[in-house]
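A.B. asks: Take this structure first; my questions come after.
The values are calculated or read from the model by the stated rules, or taken from the named source; none is laboratory data. These numbers were taken from a predicted model, which means no experiment stands behind them. Neighbour counts are summed over all protein chains in view; Cβ atoms, including those assigned to glycine, are modelled from backbone coordinates with ideal geometry. Remember, those area values only see protein heavy atoms, side chains included, never the ligands or the DNA or RNA. Shrake-Rupley method; radii C 1.70, N 1.55, O 1.52, S 1.80 Å.
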Amino acid sequence: MFLYAFRLLQRQPQRLFLTIAAIALCAVMMLFLLATYRGVADGSVDYIRRNGCDVWVLRQNSTNLLRGTSFLTAAIENEIRSCDGVRDAHPVLLLLPSLHRGAQRATVFLAGYDHTQRLGGPPALFAGRGVHSDSDIVLDRAFARKMEVGIGDTVSINGTRLTVCGLSTGTNAFVIQYGFVTLARARSVAGIPDLVSLYLVEAAPGAIPDRLVRRIEEKVPGTAGFTDGTFLENNLAEMESGFLPLLFAIAGIGVVVMTVILSLLLGITILERRRDFAVMKTLGAPRGYLPGSIAVYALMLALFGIAAGLGMFPLLVSLVERISPEINTVTTLPHVLLVVALCIVVGEGSALLSMRRLHSIYALEVYQ
Amino acid sequence: MRSPEATVFRMRNASRNFTHGAGVTHAVRGATLDGVSGEVLVLLGPSGSGKTTLLSMLAGLIRPTAGSVELFGHDISGLPPQALQRLRAARMGFIFQTFHLFDVLKVEENITLVQRFNRVERAPAKRRAKELMEILEIDRLAGKYPSELSHGEKQRVAIARAVANRPELLLADEPTASLEWNQGLEVVALLQRCAREFGCCVVCATHDLRMEEVAGRVLRITDGVLTGTAEGAVGAGIGSDADAEKKRAGDGGTIKKPAPQDGTGQYVRIPD
Ligand SMILES: Nc1ncnc2c1ncn2[C@@H]1O[C@H](COP(=O)(O)OP(=O)(O)OP(=O)(O)O)[C@@H](O)[C@H]1O
Ligand SMILES: [Mg+2]
């Protein structure tokens, strides 16, 4: 089986090349989608994941940061602080202003936080330092690259000039990137002095976050509290509901296209080698030999295609990063294995589809 | 070498019809024929007379519509397709007019593949292929693809492939029809050697009258009817003194152990 399938591939170099290229492209596309998904998932929730607070307090009916508006008054800060089991509460104001640099303009997910505190700021700094004063801004690294700004450069929001003091990572949510300023600066930019979006609550030692949530919601009407884990899940679910269907649709199209291409190719190969298969039947090839050869042929195509795809993938990623820095890709081993498995399944599925043609080849054809 | 007179096939009153639409073609009608090992049986007949149909029945590729065909003691009507496939792989060899080599495989691989069909391990299959290529003087072609060979060379490869599994029955359909005169002669001699030295029962459907000279028996088929059995030279060299030997034996075509010599005067044994 192996020998015949291998020689068949070898003797049709042009077809081999085209098929491998098609499979490689499909594999690359699937890998890229998965890597983008991982990148978006990480970038969307890293701010939450790495924040380190125990309870998130938002406006009632708000469940996540990504798609929702939450406004709370600054006045409730003390009420939250005075709840049993609360060690501290830190206000954060989230805005979606336009950021300008020269003629360039882009929307930034601006977080104003109490820069004197540990919580609410960028999850990780790639370069520079954190926010020290009202004239500082930390920008997401990919956003900065897109805007072609570096540390020390000046940008403006609503006419307020800010100096880029640091570049953060884990703050790229694909469709939007984070920026960080002081709470006072965010309020002045928004022109709403006494509003915040949410509070990051630290629990006192020994306090159970679940109970804390209930206590805060009871004591401060109009708020919704979430433990860190629940809030992370909410945001992931929100991100996935917007992104996963698209991802699945594109990946699904890729799989269908690949299956169609492969089964057509295998079908053509079977018809072209019809005489060989008839001769094999006459010469007493075991029952599994013919379908086995097709399966091995498809498997080899899939494996060569995957290998080519894996070779091409890093090139594609570096190219995309250069063209669109805000596209953050994270490639993981499980995703690579998933794509490999999918390509093999598609290969064997196509083989299975085209094997039906073998039934209509008769040994007697050798005498025609 | 097998026992020279073992019955390989037995055909009794076998007929084969093909229906197409309202019409019926009686391709073979009531054929009765036995084949024994070591014998060259030549089937002569005009185009459309039923030669290939008869061979196909002997191969178990089609079943008779009436009568019976027994292969190696088994009635093919009662055998499941897989058993027939096993019989073809293990006990039969095939030679075709247009060679039907696997052109994506090299010469040596063509000869090993059929042995793999017969579940021979890779190493002994390769050894056997080498041995046969040497005997058939095609060892220098081992690494070539069939498209690089002459017709005569292709048919030699096909013969090597056909005998690779040491078949008891060798079915050849017009083996010389695509060949030039000399190449045809070589093939005729080789088929004769297969019978004589390997003990195969060779059944050869042909138009080639040269085959008569090496035939143990010549059968004529017209309109599906085996019209007569003429005796030919029994298992001896082309135009050799086998006729004389047969006459001495006075047995009218019974298989005789051949003289240790082929048409070229060289004795090359095909090992079994
Ligand atoms: N599968 C088939 N379906 C219908 N008719 C068939 C089939 N096979 C053979 N025949 C018919 O049976 C008859 C005998 O055919 P066969 O091929 O056995 O002849 P042949 O002696 O081998 O001829 P040739 O020398 O041309 O090869 C022909 O009339 C042919 O058309
Ligand atoms: Mg014929």
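A.B. asks: Taking only region B:163-189 into account, find how many residues are assigned to a helix (DSSP H, G or I), open to solvent by 10 Å² or more (accessible area, probe 1.4 Å) and among the hydrophobic types (A, V, I, L, M, F, W, C).
C.D. replies: First, pick out the residues of region B:163-189 that are assigned to a helix (DSSP H, G or I): B:163, B:181-189.
Checking the rest, the ones that are also open to solvent by 10 Å² or more (accessible area, probe 1.4 Å) come to B:181-183, B:185-186, B:189.
Going one step further and asking which of them are among the hydrophobic types (A, V, I, L, M, F, W, C), we end up with B:181, B:185, B:189.
Going through region B:163-189 one residue at a time, the tally reaches 3.
A.B. asks: Hey, which of the strands (runs of 3 or more DSSP E) in region A:86-140, taking only ones fully inside, have at least 3 residues that are more than 24 Å from the chain's Cα centre (by Cα) and under 16 Å from A:THR163 (Cα atoms)?
C.D. replies: On the way: elements: A:86-95, A:98-101, A:104-107, A:109-113, A:124-128, A:136-140.
Strands (runs of 3 or more DSSP E) meeting the threshold: A:98-101.
A.B. asks: Being at the interface with another protein chain (Cβ under 10 Å from one of its Cβ atoms) and open to solvent by 20 Å² or more (accessible area, probe 1.4 Å) is true for just one of B:ARG116, B:ARG140. Which residue is that? Steps first, answer last, please.
C.D. replies: Working: B:ARG140 fails: at the interface with another protein chain (Cβ under 10 Å from one of its Cβ atoms).
Step by step, each of B:ARG116, B:ARG140 is checked, and only B:ARG116 is at the interface with another protein chain (Cβ under 10 Å from one of its Cβ atoms) and open to solvent by 20 Å² or more (accessible area, probe 1.4 Å).
A.B. asks: Would you pick out the residues in region A:158-175 that are more than 15 Å from A:PRO122 (Cα to Cα) and among the aliphatic types (A, V, I, L, M)? Lay out the reasoning, then the answer.
C.D. replies: Looking only at region A:158-175, we keep the residues that are more than 15 Å from A:PRO122 (Cα to Cα), and these are A:158-163, A:174-175.
Correct list: A:LEU162, A:VAL175.
A.B. asks: I'm trying to understand the selection: among the residues of region B:62-90, which are facing another protein chain (nearest Cβ under 9 Å), under 24 Å from B:THR206 (Cβ atoms) and not hydrophobic (A, V, I, L, M, F, W, C)?
C.D. replies: B:ARG88
A.B. asks: Here is a follow-up. Working carefully through the options A:GLU218, A:GLU148, find the one that is open to solvent by 30 Å² or more (accessible area, probe 1.4 Å) and without any contact (Cβ under 8 Å) to a residue 12 or more places away in the chain.
C.D. replies: Numbers: A:GLU148 fails: without any contact (Cβ under 8 Å) to a residue 12 or more places away in the chain.
Sole residue among the options that is open to solvent by 30 Å² or more (accessible area, probe 1.4 Å) and without any contact (Cβ under 8 Å) to a residue 12 or more places away in the chain: A:GLU218.
A.B. asks: Can you name the condition, by its number, that B:ARG128 falls short on among (1) part of a helix (DSSP H, G or I); (2) farther than 17 Å from B:ALA90 by Cα; (3) not aliphatic (A, V, I, L, M)?
C.D. replies: The number of the failed condition is (2).
A.B. asks: Scan region A:70-84 residue by residue and report those that are open to solvent by less than 20 Å² (accessible area, probe 1.4 Å), farther than 24 Å from A:GLY191 by Cα and modelled with pLDDT under 90.
C.D. replies: If the condition is that a residue be open to solvent by less than 20 Å² (accessible area, probe 1.4 Å), farther than 24 Å from A:GLY191 by Cα and modelled with pLDDT under 90, then A:CYS83 is the only one that fits.
A.B. asks: Any chance region B:88-96 includes a residue that's under 15 Å from the mean Cα position of the chain (by Cα), in a strand (DSSP E or B), aromatic (Phe, Trp, Tyr) and within 16 Å of ligand 1 (Cβ to nearest atom)?
C.D. replies: Of the residues in region B:88-96, the ones under 15 Å from the mean Cα position of the chain (by Cα) are B:88-96.
Now narrow it down to the ones that are in a strand (DSSP E or B): B:92-95.
Remaining after also requiring aromatic (Phe, Trp, Tyr): B:94.
From what's left, within 16 Å of ligand 1 (Cβ to nearest atom): B:94.
The answer is yes, given that some residue of region B:88-96 is under 15 Å from the mean Cα position of the chain (by Cα), in a strand (DSSP E or B), aromatic (Phe, Trp, Tyr) and within 16 Å of ligand 1 (Cβ to nearest atom).
A.B. asks: Hey, can you tell me all the residues within region A:234-259 that are over 15 Å from the mean Cα position of the chain (by Cα) and surrounded by 13 or more Cβ atoms within 10 Å (Cβ to Cβ)?
C.D. replies: Those that are over 15 Å from the mean Cα position of the chain (by Cα) and surrounded by 13 or more Cβ atoms within 10 Å (Cβ to Cβ): A:ASN234, A:GLY254, A:VAL255, A:VAL257, A:MET258, A:THR259.
A.B. asks: Let me ask something additional. In region B:91-100, what residues are on the phi > 0 side of the Ramachandran plot and at the interface with chain A (Cβ under 7 Å from one of its Cβ atoms)? Give the derivation first.
C.D. replies: Just the residues of region B:91-100 that are on the phi > 0 side of the Ramachandran plot, to begin with: B:99-100.
Matches in region B:91-100: B:HIS100 only.
A.B. asks: Right, here's the next one. Picking from A:GLY311, A:GLY305, which residue would you name as being at negative phi, out of contact with any Phe, Trp or Tyr (no Cβ under 9 Å at 6 or more places or on another chain) and surrounded by fewer than 19 Cβ atoms within 10 Å (Cβ to Cβ)?
C.D. replies: Numbers: A:GLY305 fails: surrounded by fewer than 19 Cβ atoms within 10 Å (Cβ to Cβ).
Answer to the check: A:GLY311.
A.B. asks: Additional query: Which condition number in (1) within 13 Å of another protein chain (Cβ to nearest Cβ); (2) out of contact with any helix residue (DSSP H, G or I) (no Cβ under 6 Å at 6 or more places or on another chain); (3) touching a residue at least 60 places away in the same chain (Cβ under 8 Å) is the one that B:LYS106 fails?
C.D. replies: (3)
A.B. asks: Here's something else I'd like to know. How many of the residues in region A:246-291 are closer than 17 Å to A:LEU16 by Cβ and away from every other protein chain (no Cβ under 14 Å)?
C.D. replies: Let us first name the residues in region A:246-291 that are closer than 17 Å to A:LEU16 by Cβ, namely A:258, A:261-270, A:272-273.
Then drop every residue that is not away from every other protein chain (no Cβ under 14 Å), which leaves A:258, A:261-268.
The number of residues fulfilling the criteria is 9.
A.B. asks: Exactly one condition in (1) within 14 Å of chain A (Cβ to nearest Cβ); (2) more than 16 Å from ligand 2 (Cβ to nearest atom) is false for B:VAL8; which is it?
C.D. replies: (1)
A.B. asks: Right, something else. Would you kindly identify the strands (runs of 3 or more DSSP E) lying entirely within region A:156-261 that contain at least 2 residues that are closer than 21 Å to A:HIS132 by Cα? Please lay out each step first, then the result.
C.D. replies: Values: elements: A:160-169, A:178-182, A:198-203, A:223-227.
Correct list: A:160-169, A:178-182, A:198-203.
A.B. asks: Looking only at region B:47-78, count how many residues are over 14 Å from the mean Cα position of the chain (by Cα), closer than 15 Å to B:LEU226 by Cα and either of a type in the set (Ser, Thr, Tyr) or near ligand 1 (Cβ under 7 Å from one of its atoms) (or both).
C.D. replies: Matching residues across region B:47-78 total 5.
A.B. asks: Sticking with this structure for a sec: Considering only region B:11-38, state which residues are of a type in the set (S, T, N, Q) and within 16 Å of ligand 2 (Cβ to nearest atom). Don't jump to the end; show me each part of the working.
C.D. replies: Step one: list which residues in region B:11-38 are of a type in the set (S, T, N, Q), which gives B:13, B:15, B:17, B:19, B:25, B:32, B:37.
Residue satisfying the conditions is B:THR25 alone.
A.B. asks: Here's another thing I want to ask about it. How many residues does region A:85-106 hold that are more than 25 Å from A:LEU212 (Cα to Cα) and surrounded by 15 or more Cβ atoms within 10 Å (Cβ to Cβ)?
C.D. replies: 6
A.B. asks: Can I ask one more? What do you reckon, is B:VAL28 more than 13 Å from chain A (Cβ to nearest Cβ), more than 27 Å from B:ARG210 (Cβ to Cβ), within 12 Å of ligand 1 (Cβ to nearest atom) and among the β-branched types (Val, Ile, Thr)?
C.D. replies: Values: more than 13 Å from chain A (Cβ to nearest Cβ): yes; more than 27 Å from B:ARG210 (Cβ to Cβ): no; within 12 Å of ligand 1 (Cβ to nearest atom): yes; among the β-branched types (Val, Ile, Thr): yes.
So B:VAL28 fails the test.
A.B. asks: While we're here: Looking only at residues in region B:56-77 that are part of a strand (DSSP E or B) and surrounded by 21 or more Cβ atoms within 10 Å (Cβ to Cβ), which one is farthest from ligand 2 (Cβ to nearest atom)? Working first, answer last.
C.D. replies: The first filter runs over region B:56-77 and keeps only residues part of a strand (DSSP E or B), leaving B:66-71, B:74-75.
Next, only the ones that are surrounded by 21 or more Cβ atoms within 10 Å (Cβ to Cβ) stay: B:69, B:71.
On the way: B:VAL69: 18, B:LEU71: 20 Å.
My answer is B:LEU71.
A.B. asks: Ok, one more. Within the bounds of region A:323-342, is there any residue that is in contact with a strand residue (DSSP E or B) (Cβ under 8 Å, 6 or more places away or on another chain) and either within 16 Å of ligand 2 (Cβ to nearest atom) or under 30 Å from A:ARG141 (Cα atoms) (or both)? Working first, answer last.
C.D. replies: First, pick out the residues of region A:323-342 that are in contact with a strand residue (DSSP E or B) (Cβ under 8 Å, 6 or more places away or on another chain): A:326, A:328.
Then keep just the ones that are either within 16 Å of ligand 2 (Cβ to nearest atom) or under 30 Å from A:ARG141 (Cα atoms) (or both); that gives A:326, A:328.
Yes; the residues of region A:323-342 include at least one that is in contact with a strand residue (DSSP E or B) (Cβ under 8 Å, 6 or more places away or on another chain) and either within 16 Å of ligand 2 (Cβ to nearest atom) or under 30 Å from A:ARG141 (Cα atoms) (or both).
A.B. asks: Continuing with the same structure: Looking only at region B:9-55, count how many residues are in contact with a Phe, Trp or Tyr (Cβ under 8 Å, 6 or more places away or on another chain) and either open to solvent by 30 Å² or more (accessible area, probe 1.4 Å) or without any contact (Cβ under 8 Å) to a residue 12 or more places away in the chain (or both).
C.D. replies: 4
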